[in-house]
Every structure is written in C-alpha cells, then in structure tokens.
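Chemist: Pasting in a structure now, in structure tokens, and then I'll have a few things to ask.
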There are 2 protein chains.
Amino acid sequence: MSRARKGFSLNESKSKQEIYEVAEKLFSKKGYHGTTIREIAQARGILSGSLYSHISSKEDLLFQIVDDGAEAFLGALEPIVRSSEDAKSKLRQGLAAHIGVVTTQMDAAKVFLHEWTALSEFRREIIQDKRDRYENLWAELISEGISEGVLRDQDPKYLRILILSIGNWVYEWYKTTGDLNPEQLADRFMDIILNGAAFK
Amino acid sequence: MSRARKGFSLNESKSKQEIYEVAEKLFSKKGYHGTTIREIAQARGILSGSLYSHISSKEDLLFQIVDDGAEAFLGALEPIVRSSEDAKSKLRQGLAAHIGVVTTQMDAAKVFLHEWTALSEFRREIIQDKRDRYENLWAELISEGISEGVLRDQDPKYLRILILSIGNWVYEWYKTTGDLNPEQLADRFMDIILNGAAFK
DNA sequence: CCTACCGATCGGTAGG
DNA sequence: CCTACCGATCGGTAGG
C-alpha cells in the first residue's frame, strides 16, 4: 500500500501522493482514457507540464494505482489464508477483507478492477500475475472448506467465481452512508452463500 | 433488440448494423474513450469521414448500443416475471435469461454494463430509468419468493444485489468454449444461492 | 464512400 | 512549478 517506497524526501512523496489521489478519483470516475493529464493537473492546482517532475508518464500513474490496488487485496487476504482458524471463519473473514478493501478504497479498487486492461502488455502481465495469485488464495480457502467437510464437495471453480463476483461488484453500488459496514455485509452475504436463501 | 427500427432501406440498415457490430466489439474491448472513430471506420474498411453518413456522432453510436443492451435484458426478463409459474422456477429462469443475454451478446452486455456512464446527462438518464426498471423486476421476483414462502424473509435488497452481482460479472470471465452453457450456469449458481454451499 | 481538411485537444518536453 | 511549445491525433464537416 505504501507509496513512499523509493526513498523520496517527505515533500516529494507528499506531492506525488496528492497526484495519485487525484488521479485515482478521476480514473475511477471517468476511466483512464476518459481522463486527461490536464484534468489531473488542474485538480491539483498546477499546469499539465508540471506533473512531469513527479510522474514519468500517464500510464506510469495508472500502473502505480492498479498495482497498489492489487497489493491491497493481496495484503488483506494473505494473513487470513495463512492463519490457523477453521475454514468457515476464514471464508467469512476473507470476504470481509475483500469488501473492506473495496469500500474503504473505492476509487483504487475500481481502477484496479476495471482500468488495468488499459495497461500496455508488459505491465498488464505483472498485474495479471497478481490477479492469479489472489484467485489462487481463494481457491485455497475453498479447498480447505471442502476438505474440512464444511463445504459441499462440488466443482470449486463456480463457488470461487460466485464469491468474487459478489465482492467485486460492491464498488458499483456501495454507498458509505446508509449501507451496512464491510463486516456486516460480509456476514449477510456469507450467510446466504453458505446456508442459502431458501426457506427450510 | 432490432436496430432496423426507423424504416431505413435494407442496404442502409445493413451498413448501419455492421458499424454497430464493429463499434460494440471495440467499445467492449478498449472502452468508449479508448476507441477512436478512425478505428471503427478502419474495421469496416472505410475512412472516418464516411461513417457520418450512417451515424450522427460517436456518442450516438454508444447510446444505441447501450440502449439495445438495456432492451435485451428487459425483453428477456419481462415475460418471465409476467408468467404464472412458481417463484422458485421464475428465479431460476430469470438468472438463466440474464446469463443468456450476457453470454450470447457479450460485447453489447459489457458496453451496457460499463460504458453507459460515458453518456451525456440526458441520455444517461434514459438508461438509468431502464436499469431501475430491470432492478425492480428482480425485486418483484424476490418478493414473490418471500410471499410464497420459498425464500427466507430477510431484507430482499442484499439478495437482489447478490444475484445481480453474480449475473453481471459473467462477462468478465465467461469463455464460450469450456464453460457451462447459460442454463447450466444458472442452475449451478441458483443451487448455491437457494440451498447454500455448506455441507449439511 | 472519398478527398481534403477544420479547430481543438491530446500526452509530453525544453528551458528556465 | 511556469512559459511556451511540439507533433500527433481527436471528432467531425464540406463538397463532391
């Protein structure tokens, strides 16, 4: 998550970070191609040329945002997968972690989930790898659930897709005011996923 | 769904339709802002200026694609909601219809689900209305399920979101080869949604 | 459907 | 961080 990673001075990294925050918001709202470098600069109160003492290109900006998003998801899920709790509560915590990332970093999450395809090949592959790693962590959680006898022994692929679909779509509808918090949401969804919505 | 709606001659509407198909593909792959009018023209084998005897603007093209998408979803779900079957099979059929639209018209569905926000205000509102209508149809299905005693009597909002999240995300991962067909997919997902993934 | 072009804007740079 | 600008490309148009 930290963007002050390469030993910039405090002021430099503060300026840089403000640019990232502004770009995150704009890329999330209007898309990467729909956002101009001049809009980003204007939102920071400077001229477009001045951006380039802090960034090297527009795509560089996108990559750092997308990569931060990837790291946020991985960093939230990894400790849960590695923990020694039972499979059921790991599944619940995993979904809460995912929803937590989406709701507390809505712009970055949306850019990560949707604008990463605008990256050029080399950098897109780096992100593809992290996406694969994240999916594999979920595959692990589900296969633990099956081997512990908590989950029905079905093709785990579609359960994984079902869970991630629910978690990913959150940025499309979630409002900070009026909706359940991430923990409550994860409880609600995981109750349906595990026990079903049917009346018994 | 029909694009030959305003009485154009056969040839005109054929040319027009080819432009829509090409634009659908490109908007889906690279986004509305990431696609240039020249790319669309080139994919049809003509020059950019020549497009404008068939369309009136780039945004017009987007609107027609998005609106067709909206109509496809509404047209597939409406007869199911109006039918007199039991709530459980209407829910299953509704999800199959939704997944059917997404998988058989993947490009149009993706553009409808994601690029509609690029529309200017007036036309975005028209689409917002149709999205609301579609959501309300689902709300109806769920409330029937509750009143028929098929579904647990919980806040229906999150069940509706859960179902639509699963259905909408399909375009992100579905491959025509190797995956289940829409009916099978809907069965699989609806089984988990109704009965849960937990072992009992 | 093409030729020929338009004003505007794009991402980015040089030099201070 | 600004001034001043670059070549390229954008959506779109006039006239055939």
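The values are calculated or read from the model by the stated rules, or taken from the named source; none is laboratory data. None of these values were measured; they are calculated from a predicted model. Cβ placement follows ideal geometry from the backbone for every residue including glycine, while neighbour counts extend to all protein chains displayed. Accessible surface areas use protein heavy atoms only, side chains included; no ligands, DNA or RNA. Shrake-Rupley method; radii C 1.70, N 1.55, O 1.52, S 1.80 Å.
Chemist: Using all C-alpha to C-alpha distances in the range B:121-200, build P(r) with 10 Å bins and read off the rounded percent in each one.
Modeler: 15, 38, 33, 13, 1, 0
Chemist: Still on this structure, I have one more. Just from its helices, what would the mean residue ellipticity at 222 nm be for chain B, if runs of 4 or more DSSP H residues each count -39500 (n - 2.57) and the sum is divided by every residue, rounded to the nearest 500 deg cm²/dmol?
Modeler: Working: 8 runs with 140 residues, N = 200.
Per the formula, -23500 deg cm²/dmol.
Chemist: Okay, next question. Rg to Rh for the range A:15-70: what is it, with Cα atoms only and Rh by Kirkwood?
Modeler: So for the range A:15-70, dividing Rg by the Kirkwood Rh gives 0.91.
Chemist: With a ≥ b ≥ c taken as the square roots of the eigenvalues of the C-alpha gyration tensor of the range A:47-200, please select rounded if a/c is under 1.5 and otherwise prolate if a/b is larger than b/c or oblate if it is not?
Modeler: Prolate, because a/c is 1.5 or more and a/b exceeds b/c.
Chemist: As a test of the definition: with a 1.4 Å probe, what buried accessible area, both sides summed, do you compute for A against B, in Å² to the nearest 100? Could you put the intermediate results ahead of the total?
Modeler: Numbers: alone 11120 and 11130 Å², together 18600 Å².
About 3600 Å² of accessible surface is lost on pairing.
Chemist: Across the Cα atoms of the range A:1-134, what radius of gyration and what greatest pairwise Cα-Cα distance (Dmax) are found, in Å?
Modeler: 16.2, 54
Chemist: Can I ask one more? Run the 1.4 Å probe and let me know the accessible area of A:Glu115, rounded to the nearest 10 Å².
Modeler: Its heavy atoms expose roughly 40 Å² to the probe.
Chemist: Put a point 7 Å out from Cα along the line to Cβ at B:Glu85; what are the distances to that point in the other copies, in nm, shortest first?
Modeler: 3.9
Chemist: Under 19 Å Cα to Cα from B:Lys200, which lysines show up? Leave out anything in the same chain fewer than 8 places away.
Modeler: Excluding near neighbours in sequence, the set is A:Lys88, A:Lys90, A:Lys200.
Chemist: Sequence neighbours fewer than 8 away in the same chain don't count; with that in mind, list the aspartates and glutamates whose C-alpha is under 13 Å from A:Lys29.
Modeler: A:Glu21, A:Glu39, A:Asp107, A:Glu115, A:Glu172, B:Glu115
Chemist: Would you please report the Å³ per residue occupied by the convex hull of the alpha carbon atoms in the range B:75-115?
Modeler: Convex hull volume per residue, Cα atoms: 61 Å³.
Chemist: Let me ask you something else. With N set to the residue count of the range A:57-100, report its C-alpha Rg divided by 2.2 N^0.38 Å to two decimal places.
Modeler: Numbers: Rg = 13.8 Å, N = 44, 2.2 N^0.38 = 9.3 Å.
So the range A:57-100 has a normalised radius of gyration of 1.49.
Chemist: When you take every Cα atom in the range B:60-136, what is the radius of gyration, and what is Dmax, the widest Cα pair distance, in Å?
Modeler: 13.2, 41
Chemist: Using only Cα atoms, locate the centre of the range B:87-154 and the centre of the range A:32-66, then give the distance between them in Å, rounded to an integer.
Modeler: For the range B:87-154 versus the range A:32-66, the Cα centre distance is 36 Å.
Chemist: Considering only the other residues whose Cβ falls under 9 Å of the Cβ of A:Lys130, what net charge follows from Lys and Arg at +1 and Asp and Glu at -1?
Modeler: Its environment carries a net charge of -2.
Chemist: Which percent of Cα-Cα pairs in the protein assembly as shown sits in each 10 Å bin, short to long?
Modeler: 4, 20, 29, 26, 15, 5, 1
Chemist: Which far-off residues, 5 or more places away or on another chain, put their amide H under 5 Å from the one on A:Asn181, with H placed in the peptide plane?
Modeler: Under 5 Å from the amide H of A:Asn181 lies no amide H from a residue far enough along the sequence or on another chain.
Chemist: Could you pull the accessible area for B:Glu144 with a 1.4 Å probe, rounded to 10 Å²?
Modeler: Counting only protein heavy atoms, B:Glu144 exposes about 40 Å² to solvent.
Chemist: Here is a further query. How much of the accessible area of the protein assembly as shown, probe 1.4 Å, is carbon plus sulfur, in whole percent?
Modeler: That share works out to 49 percent.
Chemist: Dividing the alpha-carbon radius of gyration of the range B:127-174 by 2.2 N^0.38 Å (N being the number of residues), what value is obtained?
Modeler: That works out to 1.27 for the range B:127-174.
Chemist: Net charge near A:Leu151: determine it from the other residues with C-beta under 10 Å of the C-beta of A:Leu151, scoring Lys and Arg +1 and Asp and Glu -1.
Modeler: Net of charged neighbours comes to -1.
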